[in-house]
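Each remark here refers to the structure printed beneath this line.
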Amino acid sequence: MALRQIRKNGDPVLRQKAHPVKKITPQIIKLLNDMAETMYDANGVGLAAPQIGISKRLIVIDVADEHNLLKLINPEIIASSGKETAIEGCLSFPGIAGEVERAEAVTVRALIPAGDTIELKATGLLARALQHEIDHLDGILFVDRVSRFVEVEKK
Ligand code: NI
């Protein structure tokens with residue numbers, strides 16, 4: 001595995017619509033592993049391939065501190081319900097956070113590295129992370145959806 005450089009706000013790749021993955025190759029598996037390593041290194045809960053400069057529909061998410069890693073290929077939201085507002089940030093926007101309204105619950109269909117198609121029902125932080133990362137695949141950034149920016153504590 002290898003750490004990849006995280007692309008920051010202003011990089012045009014973040015605004016591109018990412019391409020579906022046609023075949024799960026060893027290169028795709030390696031990319032997902034690199035994305036997970038890069039996400040953990042940056043203390044993030046999610047990362048989309050465009051954030052490392054790769055315009056492919058791949059995301060990794062772990063909202064449980066390295067205990068529940070999801071690697072999803074061509075993820076799509078197939079159902080959503082409810083509304084919930086919470087504060088979000090993004091590894092491509094260091095030092096920026098804001099309130100974003102998202103669906104409270106989502107169902108996502110995706111391929112997993114083993115080649116199976118799964119349907120995942122999620123609520124809470126996982127539902128939020130899925131919506132945020134799938135947005136990245138369509139060139140949508142969380143700042144587009146922020147209703148109010150909030151102060152970020154300086155470290
Ligand atoms: Ni993000």
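Set Lys and Arg Cβ to +1 and Asp and Glu Cβ to -1, take the dipole of the stretch 12-150 about its Cα centre, and tell me which of Gln16, Ala48, Leu32 lies farthest positive.
Sorting the options by dipole projection puts first Gln16.
Local charge sum around Glu101 (other residues, Cβ-Cβ under 14 Å, Lys/Arg +1, Asp/Glu -1)?
Spelling it out: positives minus negatives among the neighbours equals -1.
Volume per residue, Å³, of the convex hull around the alpha-carbon atoms of the stretch 1-73?
Convex hull of Cα atoms, per residue: 81 Å³.
Just how many % of Cα pairs in the stretch 60-112 lie over 18 Å apart, if you round to the nearest whole percent?
53
Using Cα-Cα distances under 8 Å and only pairs 6 or more residues apart, what relative contact order does the chain have, in percent?
About 25 percent, as a whole number.
Tally Lys and Arg at +1 and Asp and Glu at -1 over the other residues with C-beta under 15 Å from the C-beta of Ile73: what net charge comes out?
Every neighbour counted, the sum reads +2.
Strictly over 18 Å apart at the Cα level, which of Lys22/Lys121; Lys17/Lys121; Lys23/Lys56 would you flag in this model?
Exceeds cut-off: Lys22/Lys121; Lys17/Lys121.
Could you tell me the largest-minus-smallest coordinate of the C-alpha atoms of the chain on each of the three principal axes, in descending order and whole angstroms?
So the extents along the principal axes, rounded to whole Å, are 42, 34, 30.
No value in this document is a laboratory result; all are computed from the given coordinates. Since the model is a prediction, treat every value here as computed from it, not as a measurement. When we count neighbours, we look across all protein chains shown, and the Cβ atoms used for this are built from the backbone with ideal geometry, even at glycine.
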